[in-house]
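The structure that follows is given in the form of structure tokens.
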Amino acid sequence: AALGEMSAAISHELNQPLAAMKTYLAGASLLLKRNRPNETITALMRIDDLIQRMGGITKQLKSFARKNTESFVPINFNEAFLSAISIMEPQLKQTKVKIETFIQPEPIIIMADQQRLEQVIINLLRNALDAVMEVEKPEIKMSLYKDESAIFLITDNGRGISNLETIFEPFQTTKGLGKGLGLGLAISSNIISELGGVLKGKNLSSNGAEFKITLPLFDPSKITIRATENSNSGIES
């Protein structure tokens with residue numbers, strides 16, 4: 001059962017970068033034919049980034065079974081969000097979904113692994129896109145801001161959540177056969193939990209659903225205190 005769950009998770013998480021690579025390769029081929037080398041190089045660099053991302057995902061899936069906080073460093077949530085949107089850009093261009101975004105301009109610093117945080121944002125955005133596929137005027141709104149915590153919200157005007165009590169359990173999906181394995185939210189919830197945060201989902205009073213990520217802000221004083229304690233005990237940093 002564990003091997004089956006892991007192989008299904010790998011298939012699910014590699015699907016998005018593979019689809020993006022296919023789009024970029026087609027674009028690069030067309031650009032070469034039109035003798036536009038600089039734009040071709042840009043497309044190839046994006047493919048290289050996606051290849052590295054795929055390699056990272058296969059390593060990260062071990063966190064599905066156990067916690068691993070060793071790679072967490074202070075990162076800018078804003079940059080992770082923009083990077084995730086860039087990865088999804090080819091798919092977003094192929095849809096007629098109205099996308100609205102709001103990002104607080106000042107940096108929102110948290111302790112995290114940026115690649116895994118991007119993975120969560122991509123999973124939530126893909127789910128929102130699937131949810132609005134049959135809506136006449138599909139809309140997705142995303143906002144990123146901070147108060148006492150870092151807050152990321154994504155809402156859609158789709159069909160809503162029918163399985164609220166089990167949405168974060170593995171293999172829970174309302175998608176048709178071959179269209180989803182029901183692992184995106186399970187993996188996303190696990191990653192956010194490891195980051196010390198919470199991922200919640202709810203239906204809106206109007207149509208659609210909302211998912212909310214709450215993460216603790218980076219506190220530099222804690223790093224300083226830890227370094228001081230080490231030096232007092234004779235431990236070299």
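FYI, it's all coordinate maths here, none of it is from the lab. Note that this is a predicted model, so its numbers are computed, not measured. No Cβ is skipped: glycine too gets one built from the backbone with ideal geometry, and neighbour counts run over all protein chains shown.
Let me check the size of region 83-135 from its C-alpha atoms; what are the radius of gyration and Dmax in Å?
12.7, 38
Within 14 Å, Cβ to Cβ, of Glu136, how many net charges do the neighbouring residues add up to if Lys/Arg are +1 and Asp/Glu are -1?
Surrounding charge for Glu136 is +1.
List, in the order given, every pair from Lys22/Lys202; Lys98/Lys222; Lys22/Lys141; Lys33/Lys137; Lys93/Lys222; Lys98/Lys202 whose Cα-Cα distance in the structure shown is over 32 Å.
Lys22/Lys202; Lys98/Lys222; Lys33/Lys137; Lys93/Lys222
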